[in-house]
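The values are calculated or read from the model by the stated rules, or taken from the named source; none is laboratory data. Everything quoted here is computed from the prediction, not taken from an experiment. Cβ: placed from backbone, ideal geometry, glycine included. Neighbour counts: every protein chain shown. For accessibility, only protein heavy atoms count, side chains too; no ligands or nucleic acids. Shrake-Rupley method; radii C 1.70, N 1.55, O 1.52, S 1.80 Å.
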Amino acid sequence: IDTIGSALDSLRRYGIPIPTDPAAEIWSTLLRQAHLDPIQAYTIAASHDASSVCVLASEHTLSRSLDSVSEADALRMGPIYLRLLFRLHIGRNQALGRVIKTPPKEHLPSKTCSISAQRFVMSAWSLTVASVMSGARVHNTSAIELREAFGPLMQKNTCELCKDNAPARISEMIRAWLAIRRTI
């Protein structure tokens, strides 16, 4: 990745036009390596104002925390691309919170499921939301991680309505999360 960055800097220094198409060999090589150091790959693309490459590289940055962006990286990518990167990460954190906060639907009390039992489910749901949202990589939470976090909530519940409502809510939640944009 550093070699690609140096090559691009040399092209600019000698007045050789830098290709803008992400399919160009230099950009496709960078993007193939982006998973190794996504912040560096994004920084290189941003420093050369290669917006389409930045879009493709930005998804890889979700595997890293924003505190891994050094001051030098921030200066090199510039304020526009830095803001876009922060908006992507922070926006995904906020979106996840909106998506997972709504618990399964309540139902009328029955012989097998009282209001207090449903409140217990709601409380457990809230604790799971807090646990997921306190994770280190909230913005990169996978559908599998969501299913693993929320799925066990209903294992001890004997109410058939609760058992039907919870998986439906978890599936709805995962569909909504997967629809959230993953690039700048």
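Brief remarks follow.
- Choice from 79, 17, 167 with maximal GNM fluctuation in the chain (Cα, 10 Å cutoff): 17
- Placing +1 on the Cβ of every Lys and Arg and -1 on the Cβ of every Asp and Glu, with nothing else charged, gives the chain a dipole about its Cα centre of roughly 780 debye.
- Computed from backbone phi with θ = phi - 60° and the Karplus coefficients 6.51, -1.76 and 1.60, the 3J(HN,Hα) list for the stretch 38-50 is x, 5, 5, 4, 5, 4, 4, 4, 5, 5, 10, 6, 8 Hz; x is used for glycine and proline.
- Inter-label distance for residue 94 and residue 168, nm, one decimal - labels placed 7 Å from Cα along Cα-to-Cβ: 3.1
- Highest-MSF residue in the chain out of 89, 107, 35 [GNM, Cα springs under 10 Å]: 107
- Estimated vicinal HN-Hα couplings, Hz - the stretch 174-184 in sequence order (Karplus 6.51, -1.76, 1.60; Gly, Pro = x): 5, 4, 5, 5, 5, 7, 6, 4, 10, 9, 5
- Considering only 20, 43, 141, the mean-square fluctuation computed in a Gaussian network model of the chain, springs between alpha carbons under 10 angstrom, is largest for 20.
- Residue 102 accessible area, assembled protein chains, probe 1.4 Å, Å²: 70
- From phi via Karplus (6.51, -1.76, 1.60), per-residue ³J(HN,Hα) for the stretch 16-31 in Hz, x at Gly/Pro: 8, x, 8, x, 9, 6, x, 7, 4, 3, 5, 6, 5, 5, 4, 5
- Accessible area of the stretch 67-137 divided out per residue, in Å², using a probe of 1.4 angstrom: 64
- Dipole orientation for the chain: of the candidates 79, 138, 150, 150 has the Cα lying most toward the positive pole (charges on Cβ; Lys, Arg +1; Asp, Glu -1).
- You can think of it this way: the chain between residue 21 and residue 180 has 54.7 nm of extra reach, that is 0.36 nm per residue less the Cα-Cα gap.
- In the chain, the DSSP-assigned H stretches of four residues or longer account for a calculated mean residue ellipticity at 222 nm of -21000 deg cm²/dmol, using -39500 (n - 2.57) per stretch and the full residue count as denominator.
- The chain, accessible surface, carbon-and-sulfur percent (1.4 angstrom probe): 58
- For the chain, with +1 on Lys and Arg beta carbons and -1 on Asp and Glu, the positive-most of 47, 89, 124 along the dipole: 124
- A simple spin-label model places pseudo-atoms 7 Å from Cα toward Cβ; at residue 110 and residue 1 they are separated by 5.3 nm.
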